[in-house]
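Visitor: Have a look at this one before I ask anything.
The values are calculated or read from the model by the stated rules, or taken from the named source; none is laboratory data. Note that the coordinates shown come from a computational prediction; the quantities given were computed from them, not determined experimentally. Quick reminder, even Gly has a Cβ in these numbers, built from the backbone with ideal geometry, and neighbours come from all protein chains shown. Ligands, DNA and RNA are stripped out before the accessible areas are found, and what is left, the full protein with its side chains, is counted by its heavy atoms. Shrake-Rupley method; radii C 1.70, N 1.55, O 1.52, S 1.80 Å.
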Amino acid sequence: MRTNQQMPGAPPPPFPGTGQGGGGSGDERPEAPPAVRIAYELWCVVAVLGIGTTIGVILLMSGLQDTVVDEMLEQFSGGVNGQPVTRADVVSSFHVSLGVIGVLGAVVIGLTWLVAHRMLRGKAWARAALVGFTAIITVIGFEGLLGFNSGGSIVLEVCSILQAVLAIGASVIVHRGEAHRYFYGGRPR
């Protein structure tokens, strides 16, 4: 049997470039190339900017409280299930919705960081998921660039535009050359 053939049932060959004089056991993951590390860092900045975006959305919605409360009182002037709806009820519900927006923002921020971390570890599915995030962030950033749905919130506009630019940059560099080979080039899948 030749030395480059693998026996049935044997463990897969080691990752390329490991286990050869580096003191490793041969089954360690290769270090992420600089482009992948830069993409990860850009995604971390996108996640941090998500804090500003979440705060901007909450501030924007807070400024609309009176308008939203008045509209809801008008819509439910007859009550709900025979129970009258008071202004205090609607205001309380509005504040709960702001809390939900904050929690959802925190979940999206954490999910972005988690998926970016998995990408740094060489997971191709994470790289693909981040491309999907990039598409969503780009649409939101483009709306911010044109001034749609921002309500004049400069924090929201700036954060959403910066997130879009950084996400596009991260997605581009992680699909080029050495970074692309890190995910698929010669490694067992």
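Visitor: Exactly one of these conditions fails for A88: (1) open to solvent by less than 60 Å² (accessible area, probe 1.4 Å); (2) over 10 Å from the mean Cα position of the chain (by Cα); (3) at pLDDT 85 or above. Give me its number.
Guide: (1)
Visitor: Please state which of the following conditions L42 fails to meet, knowing it meets all the rest: (1) modelled with pLDDT under 75; (2) open to solvent by 40 Å² or more (accessible area, probe 1.4 Å); (3) closer than 30 Å to L120 by Cβ.
Guide: Evaluating L42 over (1) modelled with pLDDT under 75; (2) open to solvent by 40 Å² or more (accessible area, probe 1.4 Å); (3) closer than 30 Å to L120 by Cβ leaves (1) as the failure.
Visitor: Also, I was wondering about something else. Restricting the search to the stretch 123-142, which residues are within 29 Å of P33 (Cβ to Cβ) and surrounded by fewer than 17 Cβ atoms within 10 Å (Cβ to Cβ)?
Guide: K123, A124, W125, A128, V131, G132, A135, I136
Visitor: Check the stretch 67-84 and report whether any residue there is farther than 21 Å from Y182 by Cβ, at pLDDT 90 or above and open to solvent by less than 30 Å² (accessible area, probe 1.4 Å).
Guide: Checking the stretch 67-84: not a single residue is farther than 21 Å from Y182 by Cβ, at pLDDT 90 or above and open to solvent by less than 30 Å² (accessible area, probe 1.4 Å).
Visitor: Only one residue in L64, L111, L120 is modelled with pLDDT under 90, surrounded by 12 or more Cβ atoms within 10 Å (Cβ to Cβ) and among the aliphatic types (A, V, I, L, M), so which one is that?
Guide: Exactly one residue qualifies, and that residue is L64.
One line per residue, one yes/no per condition, for (1) among the β-branched types (V, I, T); (2) within 20 Å of L166 (Cα to Cα):
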residue: L59; (1), (2): no, no
residue: Q75; (1), (2): no, no
residue: G78; (1), (2): no, no
residue: A116; (1), (2): no, yes
residue: A126; (1), (2): no, yes
residue: A135; (1), (2): no, yes
residue: T138; (1), (2): yes, yes
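Visitor: Which residue out of F183, F148 is of a type in the set (F, W, Y), in a helix (DSSP H, G or I) and modelled with pLDDT under 95?
Guide: Every option except F183 fails the conditions.
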